[in-house]
1. Under 6 Å by Cβ, and 6 or more places apart or on different chains, what pairs join a residue from the range A:256-270 that is part of a helix (DSSP H, G or I) with one that is of a type in the set (Phe, Trp, Tyr)?
2. Give the residues of the range A:146-205 that are polar (S, T, N, Q) and over 16 Å from A:Ala334 (Cβ atoms), sorted by residue number.
3. For B:Phe77, which of the numbered conditions (1) farther than 24 Å from A:Thr341 by Cα; (2) surrounded by 12 or more Cβ atoms within 10 Å (Cβ to Cβ); (3) free of Cβ contacts under 8 Å to residues at least 12 places away in the same chain fails to hold?
4. Looking only at the range A:1-11, filter to residues that are assigned to a helix (DSSP H, G or I) and in contact (Cβ under 8 Å) with a residue 40 or more places away in the chain; which one of those is nearest to the other protein chains (Cβ to nearest Cβ)?
5. Charged (D, E, K, R), at the interface with another protein chain (Cβ under 7 Å from one of its Cβ atoms) and more than 30 Å from A:Met46 (Cα to Cα) - does that describe any residue in the range B:15-34?
6. What about B:Val27, is it without any contact (Cβ under 8 Å) to a residue 40 or more places away in the chain, in a helix (DSSP H, G or I), loosely packed, with under 13 Cβ neighbours inside 10 Å and β-branched (Val, Ile, Thr)?
7. Of the residues B:Val65, B:Val117, B:Val71, only one is at pLDDT below 85 and facing chain A (nearest Cβ under 8 Å); which?
Amino acid sequence: MDFLKDPLKVAADWLLGIFAGWGMAELWADILIAFLGIFVLIALLMLLDILLVWIERKVVSRFQSRIGPNRLGPFGLIQPFADIIKLLIKEDTTPEGADRALYNLAPILSMMAVLILWAVMPLAPTILNVDLNVGVLYIIAAGAIGTLSIIMAGWSSNNKYSLIGAFREAAVMLSFEIPMLTMMLIPTIFAGSMGVAAITQAQDVWYFFLAPLAAVIFLVAAIAELGRSPFDMGEAESELVSGYNIEYSGMKFGMFYAGELLHAFTFGGFWAILFFGGYRFFGLEQVSAFLAIAILFFKAFIGYWIIMWIKYTLLRIRIDHMLAFNWKFLTPVAFTLLMTTAFMNALLADAPSWLYVGGMFLSNVLLAWAALETARYYSRREREKVEGTQKVAPT
Amino acid sequence: MSAWVYVALFLIVGLIIPIGAIGAAWVLGPRKPNPIKRDTYECGIETVGDTWVQFKAQYYIFALVFLIFDVETVFLFPWAVKLGQLGMFAVIEGIIFILILVVGLAYTWRKGMLEWV
(Lines give C-alpha, C1' and ligand atoms only; values in the text may rest on other atoms or scores of the structure.)
Protein backbone atom coordinates (compact mmCIF):
# COMPACT_ATOMS: atom_id res chain seq x y z
CA MET A 1 0.00 0.00 0.00
CA ASP A 2 2.69 2.41 1.05
CA PHE A 3 4.83 1.37 -1.86
CA LEU A 4 1.99 2.02 -4.29
CA LYS A 5 1.32 5.46 -2.84
CA ASP A 6 4.85 6.70 -2.47
CA PRO A 7 7.37 4.32 -4.04
CA LEU A 8 10.14 6.90 -4.00
CA LYS A 9 10.07 7.39 -0.25
CA VAL A 10 9.97 3.65 0.44
CA ALA A 11 12.96 3.08 -1.83
CA ALA A 12 14.82 6.05 -0.35
CA ASP A 13 14.22 4.85 3.24
CA TRP A 14 15.39 1.38 2.32
CA LEU A 15 18.57 2.73 0.70
CA LEU A 16 19.13 5.11 3.62
CA GLY A 17 19.04 2.11 5.98
CA ILE A 18 21.66 0.32 3.90
CA PHE A 19 23.93 3.36 3.62
CA ALA A 20 23.57 4.11 7.34
CA GLY A 21 24.62 0.54 7.99
CA TRP A 22 27.82 1.25 6.06
CA GLY A 23 28.45 4.20 8.40
CA MET A 24 27.84 6.95 5.86
CA ALA A 25 26.99 10.47 7.01
CA GLU A 26 23.31 11.31 6.46
CA LEU A 27 23.95 14.29 4.19
CA TRP A 28 26.14 12.27 1.82
CA ALA A 29 23.73 9.35 1.91
CA ASP A 30 20.91 11.76 0.93
CA ILE A 31 22.90 13.17 -1.96
CA LEU A 32 23.92 9.69 -3.13
CA ILE A 33 20.30 8.51 -3.02
CA ALA A 34 19.16 11.58 -4.96
CA PHE A 35 21.92 10.95 -7.49
CA LEU A 36 20.87 7.33 -7.93
CA GLY A 37 17.22 8.30 -8.27
CA ILE A 38 17.98 10.93 -10.91
CA PHE A 39 20.24 8.49 -12.72
CA VAL A 40 17.49 5.87 -12.84
CA LEU A 41 14.95 8.49 -14.02
CA ILE A 42 17.20 9.71 -16.81
CA ALA A 43 18.16 6.17 -17.84
CA LEU A 44 14.47 5.32 -18.12
CA LEU A 45 13.96 8.51 -20.13
CA MET A 46 16.68 7.42 -22.53
CA LEU A 47 14.94 4.08 -22.89
CA LEU A 48 11.69 5.93 -23.59
CA ASP A 49 13.60 8.03 -26.08
CA ILE A 50 14.67 4.90 -27.98
CA LEU A 51 11.04 3.80 -28.10
CA LEU A 52 10.04 7.29 -29.29
CA VAL A 53 12.17 6.69 -32.38
CA TRP A 54 10.08 3.61 -33.10
CA ILE A 55 6.81 5.43 -32.36
CA GLU A 56 7.76 8.37 -34.56
CA ARG A 57 8.70 6.11 -37.47
CA LYS A 58 5.56 4.01 -37.11
CA VAL A 59 3.29 7.05 -36.91
CA VAL A 60 4.87 8.85 -39.86
CA SER A 61 4.60 5.73 -41.98
CA ARG A 62 0.90 5.39 -41.14
CA PHE A 63 0.40 9.05 -42.07
CA GLN A 64 2.06 8.35 -45.41
CA SER A 65 0.25 5.04 -46.05
CA ARG A 66 3.35 2.96 -45.40
CA ILE A 67 3.97 0.18 -42.91
CA GLY A 68 7.19 1.39 -41.31
CA PRO A 69 9.75 -0.77 -39.52
CA ASN A 70 8.34 -4.31 -39.31
CA ARG A 71 11.25 -6.72 -39.74
CA LEU A 72 13.07 -6.84 -36.40
CA GLY A 73 10.97 -8.21 -33.58
CA PRO A 74 7.21 -7.86 -33.21
CA PHE A 75 6.05 -4.72 -35.07
CA GLY A 76 9.69 -3.80 -35.63
CA LEU A 77 10.15 -2.99 -31.95
CA ILE A 78 13.83 -3.98 -31.94
CA GLN A 79 14.61 -1.73 -34.91
CA PRO A 80 15.59 1.36 -32.83
CA PHE A 81 18.00 -0.76 -30.76
CA ALA A 82 19.64 -1.94 -33.97
CA ASP A 83 19.88 1.72 -35.02
CA ILE A 84 21.61 2.55 -31.74
CA ILE A 85 24.18 -0.20 -32.30
CA LYS A 86 24.74 1.11 -35.81
CA LEU A 87 25.26 4.64 -34.51
CA LEU A 88 27.70 3.36 -31.89
CA ILE A 89 30.01 1.60 -34.34
CA LYS A 90 29.90 4.28 -37.05
CA GLU A 91 32.94 6.33 -37.78
CA ASP A 92 32.67 9.77 -36.30
CA THR A 93 34.20 12.31 -38.68
CA THR A 94 35.09 15.86 -37.77
CA PRO A 95 35.08 18.29 -40.68
CA GLU A 96 38.08 20.37 -41.63
CA GLY A 97 38.29 23.71 -39.87
CA ALA A 98 35.74 22.81 -37.21
CA ASP A 99 36.07 24.42 -33.82
CA ARG A 100 36.66 21.14 -31.99
CA ALA A 101 35.68 22.16 -28.47
CA LEU A 102 32.37 23.69 -29.46
CA TYR A 103 31.76 21.02 -32.10
CA ASN A 104 31.95 18.25 -29.50
CA LEU A 105 30.11 20.17 -26.80
CA ALA A 106 27.04 21.05 -28.90
CA PRO A 107 25.38 17.58 -29.06
CA ILE A 108 26.00 17.05 -25.34
CA LEU A 109 24.37 20.37 -24.46
CA SER A 110 21.49 19.68 -26.82
CA MET A 111 20.69 16.44 -24.99
CA MET A 112 21.30 17.97 -21.57
CA ALA A 113 18.92 20.88 -22.24
CA VAL A 114 16.13 18.34 -22.69
CA LEU A 115 17.06 16.09 -19.78
CA ILE A 116 17.24 18.89 -17.23
CA LEU A 117 13.70 19.94 -18.16
CA TRP A 118 12.55 16.80 -16.35
CA ALA A 119 13.88 18.23 -13.10
CA VAL A 120 10.69 20.26 -12.65
CA MET A 121 8.28 17.71 -14.15
CA PRO A 122 5.82 16.63 -11.42
CA LEU A 123 5.22 12.95 -12.17
CA ALA A 124 2.82 12.10 -9.34
CA PRO A 125 1.48 13.71 -6.14
CA THR A 126 4.31 12.09 -4.22
CA ILE A 127 6.96 12.35 -6.94
CA LEU A 128 7.30 16.03 -7.72
CA ASN A 129 10.97 15.78 -8.70
CA VAL A 130 12.34 19.23 -7.77
CA ASP A 131 9.52 21.51 -6.68
CA LEU A 132 11.11 24.83 -7.66
CA ASN A 133 9.09 27.94 -6.89
CA VAL A 134 10.29 29.42 -10.19
CA GLY A 135 9.57 26.29 -12.24
CA VAL A 136 8.09 28.11 -15.23
CA LEU A 137 11.13 30.34 -15.58
CA TYR A 138 13.34 27.27 -15.25
CA ILE A 139 11.64 25.74 -18.31
CA ILE A 140 12.43 28.87 -20.33
CA ALA A 141 16.02 28.94 -19.06
CA ALA A 142 16.60 25.29 -19.97
CA GLY A 143 15.13 25.98 -23.41
CA ALA A 144 17.70 28.74 -23.90
CA ILE A 145 20.47 26.14 -23.53
CA GLY A 146 18.92 24.28 -26.44
CA THR A 147 19.08 27.41 -28.60
CA LEU A 148 22.68 27.88 -27.55
CA SER A 149 23.59 24.33 -28.54
CA ILE A 150 22.12 24.85 -32.01
CA ILE A 151 24.08 28.07 -32.52
CA MET A 152 27.21 26.27 -31.31
CA ALA A 153 26.66 23.32 -33.66
CA GLY A 154 26.01 25.53 -36.68
CA TRP A 155 28.84 27.93 -36.05
CA SER A 156 31.52 25.39 -35.17
CA SER A 157 30.89 23.07 -38.13
CA ASN A 158 32.51 25.47 -40.60
CA ASN A 159 29.80 24.79 -43.16
CA LYS A 160 27.62 27.34 -44.90
CA TYR A 161 24.45 25.25 -44.65
CA SER A 162 25.04 24.68 -40.95
CA LEU A 163 25.54 28.36 -40.36
CA ILE A 164 22.40 29.37 -42.25
CA GLY A 165 20.42 26.68 -40.47
CA ALA A 166 21.66 27.79 -37.09
CA PHE A 167 20.88 31.44 -37.78
CA ARG A 168 17.38 30.63 -38.90
CA GLU A 169 16.71 28.27 -36.06
CA ALA A 170 17.94 30.80 -33.53
CA ALA A 171 15.82 33.58 -35.05
CA VAL A 172 12.73 31.35 -34.92
CA MET A 173 13.40 30.09 -31.41
CA LEU A 174 14.02 33.59 -30.08
CA SER A 175 10.93 35.00 -31.74
CA PHE A 176 8.53 32.30 -30.63
CA GLU A 177 9.80 32.45 -27.09
CA ILE A 178 7.83 35.69 -26.58
CA PRO A 179 4.33 34.19 -27.11
CA MET A 180 5.39 31.09 -25.21
CA LEU A 181 6.55 33.12 -22.20
CA THR A 182 3.36 35.16 -22.33
CA MET A 183 1.22 32.05 -22.43
CA MET A 184 3.06 30.62 -19.45
CA LEU A 185 2.00 33.74 -17.55
CA ILE A 186 -1.66 32.72 -17.85
CA PRO A 187 -1.49 29.48 -15.79
CA THR A 188 0.71 31.49 -13.41
CA ILE A 189 -2.10 34.03 -12.99
CA PHE A 190 -4.70 31.31 -12.37
CA ALA A 191 -2.60 29.31 -9.93
CA GLY A 192 -0.92 32.25 -8.24
CA SER A 193 2.40 30.44 -8.38
CA MET A 194 5.26 29.88 -10.77
CA GLY A 195 5.86 26.35 -9.44
CA VAL A 196 4.92 23.66 -11.94
CA ALA A 197 3.69 21.36 -9.16
CA ALA A 198 1.56 24.15 -7.67
CA ILE A 199 0.03 24.81 -11.09
CA THR A 200 -0.88 21.13 -11.36
CA GLN A 201 -2.40 21.00 -7.91
CA ALA A 202 -4.43 24.16 -8.48
CA GLN A 203 -6.18 22.75 -11.55
CA ASP A 204 -9.55 21.69 -10.19
CA VAL A 205 -10.80 22.87 -13.56
CA TRP A 206 -8.36 22.18 -16.38
CA TYR A 207 -6.86 25.46 -17.50
CA PHE A 208 -7.70 24.46 -21.04
CA PHE A 209 -11.33 25.34 -20.23
CA LEU A 210 -10.27 28.66 -18.73
CA ALA A 211 -7.94 29.59 -21.56
CA PRO A 212 -8.34 27.45 -24.69
CA LEU A 213 -6.69 30.08 -26.87
CA ALA A 214 -3.68 30.17 -24.55
CA ALA A 215 -3.30 26.40 -24.88
CA VAL A 216 -3.37 26.62 -28.67
CA ILE A 217 -0.87 29.49 -28.82
CA PHE A 218 1.39 27.66 -26.37
CA LEU A 219 1.34 24.56 -28.56
CA VAL A 220 2.14 26.54 -31.72
CA ALA A 221 4.99 28.36 -30.00
CA ALA A 222 6.24 25.09 -28.54
CA ILE A 223 6.35 23.48 -31.98
CA ALA A 224 8.44 26.41 -33.22
CA GLU A 225 10.69 26.12 -30.17
CA LEU A 226 11.19 22.44 -30.95
CA GLY A 227 12.15 23.33 -34.50
CA ARG A 228 9.67 20.85 -35.93
CA SER A 229 7.75 21.15 -39.14
CA PRO A 230 6.01 23.42 -40.20
CA PHE A 231 8.60 25.55 -38.40
CA ASP A 232 11.68 23.45 -39.13
CA MET A 233 13.58 26.19 -40.96
CA GLY A 234 16.81 25.21 -39.27
CA GLU A 235 16.92 21.79 -40.87
CA ALA A 236 14.92 22.34 -44.04
CA GLU A 237 16.13 19.23 -45.84
CA SER A 238 15.06 20.38 -49.28
CA GLU A 239 17.32 23.44 -49.19
CA LEU A 240 19.81 23.07 -46.34
CA VAL A 241 19.94 19.25 -46.50
CA SER A 242 20.01 18.89 -42.73
CA GLY A 243 20.77 22.35 -41.40
CA TYR A 244 22.79 22.86 -38.25
CA ASN A 245 23.60 19.16 -37.71
CA ILE A 246 24.72 18.48 -41.27
CA GLU A 247 28.38 17.78 -40.39
CA TYR A 248 27.57 15.49 -37.49
CA SER A 249 27.76 11.75 -37.79
CA GLY A 250 27.50 8.69 -35.58
CA MET A 251 26.43 9.12 -31.99
CA LYS A 252 26.79 12.89 -32.07
CA PHE A 253 24.08 13.10 -34.68
CA GLY A 254 22.15 10.54 -32.64
CA MET A 255 22.22 12.91 -29.68
CA PHE A 256 20.65 15.70 -31.76
CA TYR A 257 18.04 13.36 -33.14
CA ALA A 258 17.16 11.74 -29.83
CA GLY A 259 17.21 15.13 -28.14
CA GLU A 260 14.68 16.50 -30.62
CA LEU A 261 12.29 13.58 -30.11
CA LEU A 262 12.50 13.69 -26.34
CA HIS A 263 12.12 17.47 -26.45
CA ALA A 264 8.87 17.09 -28.36
CA PHE A 265 7.60 14.53 -25.88
CA THR A 266 8.67 16.72 -22.96
CA PHE A 267 6.76 19.66 -24.35
CA GLY A 268 3.75 17.40 -24.81
CA GLY A 269 4.14 16.76 -21.09
CA PHE A 270 4.41 20.44 -20.19
CA TRP A 271 1.40 21.20 -22.34
CA ALA A 272 -0.50 18.56 -20.37
CA ILE A 273 0.75 19.96 -17.08
CA LEU A 274 0.03 23.62 -17.77
CA PHE A 275 -3.36 23.21 -19.44
CA PHE A 276 -4.67 19.67 -18.90
CA GLY A 277 -4.10 19.04 -15.22
CA GLY A 278 -0.88 17.05 -15.46
CA TYR A 279 -1.15 13.84 -13.46
CA ARG A 280 -4.65 14.73 -12.16
CA PHE A 281 -7.64 12.81 -13.40
CA PHE A 282 -10.75 12.87 -11.14
CA GLY A 283 -8.90 11.72 -8.04
CA LEU A 284 -7.43 8.63 -9.71
CA GLU A 285 -3.94 10.01 -9.11
CA GLN A 286 -4.37 9.53 -5.34
CA VAL A 287 -4.74 5.76 -5.71
CA SER A 288 -1.21 4.99 -6.73
CA ALA A 289 1.83 6.92 -7.84
CA PHE A 290 2.23 4.56 -10.78
CA LEU A 291 -1.29 5.33 -11.95
CA ALA A 292 -0.55 9.07 -11.73
CA ILE A 293 2.57 8.61 -13.86
CA ALA A 294 0.54 6.60 -16.36
CA ILE A 295 -2.06 9.40 -16.55
CA LEU A 296 0.61 12.05 -17.10
CA PHE A 297 2.31 9.97 -19.79
CA PHE A 298 -0.99 9.29 -21.50
CA LYS A 299 -1.69 13.03 -21.68
CA ALA A 300 1.87 13.75 -22.75
CA PHE A 301 1.57 11.17 -25.52
CA ILE A 302 -1.61 12.83 -26.75
CA GLY A 303 0.25 16.15 -26.91
CA TYR A 304 3.17 14.46 -28.63
CA TRP A 305 0.81 12.80 -31.09
CA ILE A 306 -0.74 16.17 -31.97
CA ILE A 307 2.74 17.61 -32.51
CA MET A 308 3.55 14.66 -34.84
CA TRP A 309 0.21 15.03 -36.61
CA ILE A 310 0.92 18.70 -37.35
CA LYS A 311 4.49 17.88 -38.37
CA TYR A 312 3.53 15.32 -40.98
CA THR A 313 0.48 17.17 -42.29
CA LEU A 314 1.56 20.75 -42.87
CA LEU A 315 4.06 22.16 -45.33
CA ARG A 316 7.11 24.09 -44.26
CA ILE A 317 6.57 27.85 -44.01
CA ARG A 318 9.08 30.31 -45.46
CA ILE A 319 11.28 32.10 -42.92
CA ASP A 320 9.89 35.60 -43.60
CA HIS A 321 6.32 34.34 -43.33
CA MET A 322 7.18 32.55 -40.16
CA LEU A 323 8.69 35.59 -38.47
CA ALA A 324 5.84 37.78 -39.72
CA PHE A 325 3.38 35.23 -38.36
CA ASN A 326 5.02 35.45 -34.98
CA TRP A 327 5.61 39.18 -34.65
CA LYS A 328 2.53 40.45 -36.44
CA PHE A 329 -0.02 37.87 -35.35
CA LEU A 330 0.95 35.59 -32.50
CA THR A 331 2.68 38.13 -30.27
CA PRO A 332 -0.07 40.81 -30.45
CA VAL A 333 -2.73 38.15 -29.87
CA ALA A 334 -0.77 36.73 -26.95
CA PHE A 335 -0.42 40.15 -25.31
CA THR A 336 -4.10 40.95 -25.86
CA LEU A 337 -5.04 37.60 -24.36
CA LEU A 338 -2.82 38.24 -21.36
CA MET A 339 -4.46 41.62 -20.72
CA THR A 340 -7.96 40.18 -21.20
CA THR A 341 -7.25 37.28 -18.87
CA ALA A 342 -5.81 39.51 -16.15
CA PHE A 343 -8.79 41.85 -16.43
CA MET A 344 -11.42 39.10 -16.46
CA ASN A 345 -9.67 37.33 -13.60
CA ALA A 346 -10.01 40.41 -11.42
CA LEU A 347 -13.53 41.17 -12.64
CA LEU A 348 -14.87 37.67 -11.96
CA ALA A 349 -12.83 37.07 -8.81
CA ASP A 350 -15.93 36.90 -6.58
CA ALA A 351 -18.23 35.31 -9.15
CA PRO A 352 -19.47 31.70 -8.75
CA SER A 353 -17.26 29.18 -10.45
CA TRP A 354 -19.61 28.40 -13.36
CA LEU A 355 -19.70 32.11 -14.24
CA TYR A 356 -15.92 32.37 -13.84
CA VAL A 357 -15.19 29.40 -16.11
CA GLY A 358 -17.86 30.40 -18.62
CA GLY A 359 -16.72 34.02 -18.76
CA MET A 360 -13.09 33.02 -19.23
CA PHE A 361 -13.94 30.49 -21.91
CA LEU A 362 -16.19 32.91 -23.81
CA SER A 363 -13.67 35.75 -23.67
CA ASN A 364 -11.04 33.40 -25.13
CA VAL A 365 -13.28 32.20 -27.91
CA LEU A 366 -14.35 35.77 -28.77
CA LEU A 367 -10.74 36.92 -28.83
CA ALA A 368 -9.72 34.01 -31.07
CA TRP A 369 -12.58 34.80 -33.45
CA ALA A 370 -11.70 38.52 -33.56
CA ALA A 371 -8.02 37.76 -34.14
CA LEU A 372 -8.76 35.35 -36.98
CA GLU A 373 -11.20 37.79 -38.61
CA THR A 374 -8.65 40.62 -38.42
CA ALA A 375 -5.97 38.41 -39.90
CA ARG A 376 -8.34 37.31 -42.66
CA TYR A 377 -9.24 40.92 -43.50
CA TYR A 378 -5.65 42.12 -43.71
CA SER A 379 -4.42 39.09 -45.62
CA ARG A 380 -7.19 39.57 -48.17
CA ARG A 381 -6.22 43.22 -48.57
CA GLU A 382 -2.58 42.26 -48.97
CA ARG A 383 -3.47 39.62 -51.52
CA GLU A 384 -5.56 42.07 -53.56
CA LYS A 385 -2.69 44.55 -53.49
CA VAL A 386 -0.26 41.96 -54.83
CA GLU A 387 -2.68 40.66 -57.42
CA GLY A 388 -3.41 44.23 -58.56
CA THR A 389 0.22 45.06 -59.31
CA GLN A 390 1.34 41.91 -61.05
CA LYS A 391 -0.93 40.61 -63.78
CA VAL A 392 -1.10 36.86 -63.64
CA ALA A 393 -1.52 35.22 -67.01
CA PRO A 394 -4.83 33.38 -67.24
CA THR A 395 -4.38 29.66 -67.37
CA MET B 1 18.92 20.40 1.52
CA SER B 2 18.20 23.12 -0.98
CA ALA B 3 16.17 22.23 -4.07
CA TRP B 4 18.96 23.60 -6.21
CA VAL B 5 21.24 20.75 -5.09
CA TYR B 6 18.87 18.40 -6.93
CA VAL B 7 18.93 20.67 -9.99
CA ALA B 8 22.74 20.54 -9.87
CA LEU B 9 22.54 16.74 -9.70
CA PHE B 10 20.21 16.77 -12.71
CA LEU B 11 22.76 18.91 -14.57
CA ILE B 12 25.56 16.50 -13.70
CA VAL B 13 23.63 13.37 -14.69
CA GLY B 14 22.32 15.17 -17.78
CA LEU B 15 25.93 15.74 -18.81
CA ILE B 16 27.17 12.25 -17.87
CA ILE B 17 24.64 10.36 -20.02
CA PRO B 18 25.33 12.05 -23.40
CA ILE B 19 29.06 12.11 -22.68
CA GLY B 20 28.83 8.39 -21.91
CA ALA B 21 26.98 7.67 -25.14
CA ILE B 22 29.40 9.69 -27.27
CA GLY B 23 32.35 8.24 -25.37
CA ALA B 24 31.11 4.70 -26.06
CA ALA B 25 30.85 5.55 -29.75
CA TRP B 26 34.38 6.99 -29.61
CA VAL B 27 35.69 3.73 -28.14
CA LEU B 28 33.71 1.38 -30.39
CA GLY B 29 33.78 3.22 -33.71
CA PRO B 30 36.62 3.15 -36.21
CA ARG B 31 38.71 6.27 -36.79
CA LYS B 32 40.44 6.51 -40.16
CA PRO B 33 40.24 10.16 -41.17
CA ASN B 34 41.56 11.29 -44.50
CA PRO B 35 41.44 14.72 -46.16
CA ILE B 36 38.59 13.85 -48.51
CA LYS B 37 36.50 12.45 -45.71
CA ARG B 38 37.08 15.56 -43.65
CA ASP B 39 36.09 17.91 -46.43
CA THR B 40 33.29 20.36 -45.76
CA TYR B 41 30.02 19.03 -47.12
CA GLU B 42 28.30 21.00 -49.85
CA CYS B 43 25.77 19.19 -52.02
CA GLY B 44 28.14 17.14 -54.12
CA ILE B 45 30.56 19.92 -55.07
CA GLU B 46 33.66 21.27 -53.42
CA THR B 47 32.93 24.19 -51.16
CA VAL B 48 33.75 27.56 -52.67
CA GLY B 49 35.39 30.30 -50.65
CA ASP B 50 35.12 31.03 -46.97
CA THR B 51 32.27 29.99 -44.69
CA TRP B 52 32.31 33.41 -43.06
CA VAL B 53 30.41 35.25 -45.75
CA GLN B 54 28.45 38.42 -45.12
CA PHE B 55 25.22 37.71 -43.39
CA LYS B 56 21.80 39.26 -43.28
CA ALA B 57 21.58 41.94 -40.59
CA GLN B 58 17.87 41.22 -40.19
CA TYR B 59 18.60 38.39 -37.76
CA TYR B 60 20.32 40.90 -35.53
CA ILE B 61 17.28 43.20 -35.53
CA PHE B 62 14.99 40.34 -34.52
CA ALA B 63 17.37 39.42 -31.74
CA LEU B 64 17.29 43.04 -30.51
CA VAL B 65 13.48 43.17 -30.52
CA PHE B 66 13.42 39.82 -28.75
CA LEU B 67 15.79 41.06 -26.07
CA ILE B 68 13.54 43.99 -25.15
CA PHE B 69 10.45 41.79 -24.93
CA ASP B 70 12.16 38.99 -23.08
CA VAL B 71 13.48 41.26 -20.35
CA GLU B 72 10.15 43.01 -20.01
CA THR B 73 8.18 39.76 -19.90
CA VAL B 74 10.29 38.52 -17.02
CA PHE B 75 9.11 41.59 -15.08
CA LEU B 76 5.54 40.38 -15.57
CA PHE B 77 6.05 37.09 -13.72
CA PRO B 78 6.02 38.54 -10.17
CA TRP B 79 2.98 40.58 -11.17
CA ALA B 80 1.20 37.46 -12.43
CA VAL B 81 1.97 35.48 -9.27
CA LYS B 82 0.47 38.09 -6.92
CA LEU B 83 -2.34 39.18 -9.22
CA GLY B 84 -5.07 37.33 -7.31
CA GLN B 85 -4.30 39.25 -4.13
CA LEU B 86 -3.67 42.69 -5.56
CA GLY B 87 -7.04 43.34 -7.17
CA MET B 88 -8.16 45.63 -9.96
CA PHE B 89 -5.61 48.41 -9.38
CA ALA B 90 -2.65 46.11 -10.08
CA VAL B 91 -4.42 44.72 -13.13
CA ILE B 92 -4.82 48.20 -14.64
CA GLU B 93 -1.19 48.99 -13.88
CA GLY B 94 -0.09 45.73 -15.49
CA ILE B 95 -2.21 46.46 -18.56
CA ILE B 96 -0.60 49.90 -18.88
CA PHE B 97 2.82 48.23 -18.67
CA ILE B 98 1.90 45.71 -21.36
CA LEU B 99 0.46 48.50 -23.52
CA ILE B 100 3.82 50.28 -23.38
CA LEU B 101 5.36 47.04 -24.71
CA VAL B 102 2.75 46.86 -27.43
CA VAL B 103 3.47 50.48 -28.41
CA GLY B 104 7.11 49.44 -28.74
CA LEU B 105 6.08 46.58 -31.00
CA ALA B 106 3.87 48.90 -33.06
CA TYR B 107 6.76 51.36 -33.42
CA THR B 108 9.07 48.59 -34.63
CA TRP B 109 6.38 47.50 -37.05
CA ARG B 110 5.79 51.03 -38.40
CA LYS B 111 9.53 51.52 -38.86
CA GLY B 112 9.49 48.47 -41.12
CA MET B 113 11.89 46.52 -38.91
CA LEU B 114 9.66 43.45 -38.94
CA GLU B 115 9.83 43.15 -42.73
CA TRP B 116 12.19 40.60 -44.22
CA VAL B 117 14.08 42.73 -46.71
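1. Sorted first by the residue in the range A:256-270, then by its partner, the pairs are A:Ala264/A:Tyr304; A:Phe265/A:Tyr304; A:Gly268/A:Tyr304.
2. Answer for the range A:146-205, where residues must be polar (S, T, N, Q) and over 16 Å from A:Ala334 (Cβ atoms): A:Thr147, A:Ser149, A:Ser156, A:Ser157, A:Asn158, A:Asn159, A:Ser162, A:Ser193, A:Thr200, A:Gln201, A:Gln203.
3. (1)
4. In the first step, residues of the range A:1-11 are kept if they are assigned to a helix (DSSP H, G or I); the result is A:2-5, A:7-11.
Of the ones still in play, those that are also in contact (Cβ under 8 Å) with a residue 40 or more places away in the chain are A:4-5, A:7-9.
Details: A:Leu4: 24, A:Lys5: 21, A:Pro7: 18, A:Leu8: 12, A:Lys9: 15 Å.
If we take residues in the range A:1-11 being assigned to a helix (DSSP H, G or I) and in contact (Cβ under 8 Å) with a residue 40 or more places away in the chain, then A:Leu8 is nearest to the other protein chains (Cβ to nearest Cβ).
5. Within the range B:15-34, none of the residues are charged (D, E, K, R), at the interface with another protein chain (Cβ under 7 Å from one of its Cβ atoms) and more than 30 Å from A:Met46 (Cα to Cα).
6. In short, yes.
7. B:Val65
Each row is one residue, and each column tells you yes or no for (1) more than 8 Å from chain B (Cβ to nearest Cβ); (2) in contact (Cβ under 8 Å) with a residue 60 or more places away in the chain.
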| position | (1), (2) |
| --- | --- |
| A:Asp99 | yes, no |
| A:Leu102 | yes, no |
| A:Ile116 | no, no |
| A:Val120 | yes, yes |
| A:Val130 | no, no |
| A:Ser162 | yes, yes |
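The values are calculated or read from the model by the stated rules, or taken from the named source; none is laboratory data. Since the structure is predicted, the reported quantities are computational estimates derived from the model, not experimental observations. Don't worry about glycine lacking a Cβ; one is built from the backbone with ideal geometry, like all the others, and counts go over all protein chains shown.
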